[in-house]
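Working notes for the structure below.
The values are calculated or read from the model by the stated rules, or taken from the named source; none is laboratory data. Quick caveat, the model's predicted, so the values are computed rather than measured. Cβ sites come from the backbone with ideal geometry, for glycine too, and all protein chains shown count toward neighbours. Ligands, DNA and RNA are stripped out before the accessible areas are found, and what is left, the full protein with its side chains, is counted by its heavy atoms. Shrake-Rupley method; radii C 1.70, N 1.55, O 1.52, S 1.80 Å.
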Amino acid sequence: MKRIKQAVREMCAKGEPFALVSIREGSGSMPRHQGATMLVREDGGIEGSVGGGVLEARAIERARQLIAEGKSGEMPFDLSSADAANSDMICGGSGVLSIRFYDGTEQPALQRELAEIDDGKLVIFGGGHIARQLARIADVLEIPIVVVEDRSEFCSPERFPSAKRVIVETYDNIPEAALGEKDMAVIVTRGHLGDREALVWALRTRAGYIGMIGSKRKRDLMYEKLRADGIAESALARVHSPIGLPIGAQTPEEIAVSIAAELVAFRNGRA
């Protein structure tokens, strides 16, 4: 959502009207998930997507009409219809697009809207090779990034230029990196001790996704010690470990791709 939020700031700075289109309701198979959002300008230019194809074309047309009228509205859609099939969109889903008009001024409703379309941030524990490659991919995916590392030489804005914040701190004391239900924690520190501290800290939060690197043997040995320390089985069940989709990844770049794929699955409700 980073590009959409930047576009909103630019539109408001210019005082130009626009509309935010999102999938409010949906059932069946759809090209984008519920909550997917697109910004439509007065001239039909867009940022983001609600699925492409005929659905998106009609959404843009409807949004431009509402912008011209200075109104908000909605647009039902049915991708199982014959019309959708003729347009090569045979996903089979149906739902409603919400189209909210904004006149180009900052207002509380707009701030609430932007907060609601926040997909959450990614906190990467560790600043090594895998962390660096994952940050690059996350930036392409428009996932806000925070990096936590206990070595200053591995945690700087120069090393992670796309990060919202870089925090040099031990892994068991990170008050600035609070995690909510939409947030994701990826644990890729330089050793078992750092991984364990980061995991214990993350399990105290409401993070929606927690992933830890390492073999099944390393994981099982760590879990055995954590159970002895009183960590509940239900808490450990929240952790994705070994982290990443099983694609046979070996290099830092490949491992980062496998992790990023699992993060996308989480954000799309498929983890």
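All distinct Cα pairs of segment 142-217 go into the 1/r average, and the inverse of that average, the Kirkwood radius, is 12.9 Å. From its DSSP helices (H runs of at least four residues, each -39,500 (n - 2.57)), the chain gives a residue-normalised ellipticity at 222 nm of -11500 deg cm²/dmol. For segment 125-271, the relative contact order works out to 23 percent when only alpha carbon pairs closer than 8 Å and six or more residues apart are counted. What translational diffusion coefficient, in µm²/s and rounded to a whole number, does the Stokes-Einstein relation yield for the chain at 25 °C and a viscosity of 0.890 mPa s, taking the hydrodynamic radius as the Kirkwood radius over Cα pairs? So the translational diffusion coefficient is about 120 µm²/s. Distance between the pseudo-spin-label points of Gln65 and Glu10 (7 Å out from Cα toward the beta carbon): 2.8 nm.
Placing a label point 7 Å from the Cα of Gln250 along the Cα-to-Cβ direction, no residue of segment 124-148 has its backbone N under 16 Å from that point.
Suppose every K and R has +1 on its Cβ and every D and E has -1 on its Cβ; what is the size of the dipole of the chain about the Cα centre, in Debye to the nearest 20? Intermediate values should be presented prior to the final figure.
Values: 35 positive and 39 negative charges, 119 e Å.
Dipole magnitude for the chain comes out near 580 debye.
Listed by chain and number, the aspartates and glutamates placed with their C-alpha closer than 14 angstrom to that of Lys218 are Asp195; residues fewer than eight positions away on the same chain are left out.
Roughly speaking, to the nearest percent, how much of the chain's 1.4 Å accessible area is carbon and sulfur? Working shown, then result.
Values: 6630 of 13460 Å².
Carbon-and-sulfur percentage of accessible area, whole number: 49.
The Rg/Rh ratio for segment 116-271, using Cα coordinates for both the radius of gyration and the Kirkwood hydrodynamic radius, is 0.93. Solvent exposure of the chain, expressed per residue, is 50 Å² of accessible area, with all protein chains present and a 1.4 angstrom probe. Put simply, the convex hull of the Cα atoms in segment 188-251 casts, on average, a shadow of 4.6 nm².
In terms of Cα to Cα distance under 28 Å, which lysines are near enough to Lys2, apart from those fewer than 8 places away along the same chain? Within the straight-line cut-off, Lys2 pairs with Lys14, Lys71, Lys121, Lys164, Lys182. The relative contact order of segment 186-266 comes to 28 percent, based on Cα pairs under 8 Å that sit 6 or more residues apart.
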